[in-house]
Amino acid sequence: MSSTAPASPKSHASSPLPRLVLGTLLLVFWLVAMLLQIQTSESFILKGTLVSLHPNWSILAQPIALVTGTLSPALAKATMWGWGIELIFLVCVIGYEIAHEGIFHANKKLAPLFRTGTLVLIGFDAYTDFNYGQLASGFWGQVAFAAIMAFIVFFFGTIGLRFIEHGVADWNK
């Protein structure tokens, strides 16, 4: 007596659209969080007011204005500080090992300073998020805001790009 197993249905790949949409949302949140972190850092340097939770999109033009020399000295200093810390975040996410190796090969004595300085500056960025991010939710709300901002900047950009990469690859199959 022979029995044949039923043919398994062909598996159809799920739609890539959810991955593309999620990847895009993650990138949007990453960009907003990054802008807000730059704003809180700049507000600290400028001894400014609390930052509302509305990103200032003109911040994206600051590096060009810095290079062309069209910023006031105070805003140039704040731009260097805010963008500098944000770039440190991105170095840690995208290629800390590469950066540390570069420092180590250039000057072995500076490598531990780079590691420590990176941690201190990222910690200080969380401090500015805590103190200058405007939430009317008390101490723990501010802690949560600083934590989620760091988490979003650390992870959402690379995760979002990965989702989009997979969505595009599945779309092209």
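Taking 0.36 nm per residue of separation and subtracting the Cα-Cα distance, full extension of the segment from VAL168 to VAL143 would add 5.3 nm.
Given 0.36 nm per residue, what is the gain on full extension from LEU17 to LEU87 after removing their alpha carbon distance, in nm? Full extension from LEU17 to LEU87 adds 22.1 nm.
The alpha-carbon of LYS47 sits under 14 angstrom from the alpha-carbons of these aspartates and glutamates, leaving out residues fewer than 8 places away in its chain: ASP129. The charge dipole of region 17-171, taken about the Cα centre with unit charges on the Cβ atoms of Lys, Arg (+1) and Asp, Glu (-1), comes to about 280 debye, rounded to the nearest 20.
Here is how the number arises for the chain: DSSP H runs of 4 or more residues each give -39500 (n - 2.57), the sum is divided by the residue count, and the result at 222 nm is -24000 deg cm²/dmol. Going from the residue with the fewest nearby Cβ atoms within 10 Å to the one with the most, GLU165, GLU97, GLU86, GLU42 rank GLU97, GLU165, GLU86, GLU42.
Helices of the chain meeting both criteria, an alpha-carbon length of 27 angstrom or more along the long axis and an average Kyte-Doolittle score not below -0.5, with helices taken as full DSSP H segments, are 17-45, 73-106, 111-132. Taking the empirical scaling 2.2 N^0.38 Å for compact globular proteins as reference, the chain has a Cα radius of gyration ratio of 1.40. For the pair LEU60 and LYS108, the difference between a 0.36 nm per residue extended length and the Cα-Cα distance amounts to 13.8 nm.
Every read-out reported here was derived from the displayed coordinates using simple, explicitly stated rules and does not represent laboratory data. Fair warning: this is a prediction, and the values are worked out from it, not measured in the lab. Here Cβ is always computed from backbone atoms with ideal geometry, including for glycine, and neighbour counts include all displayed protein chains.
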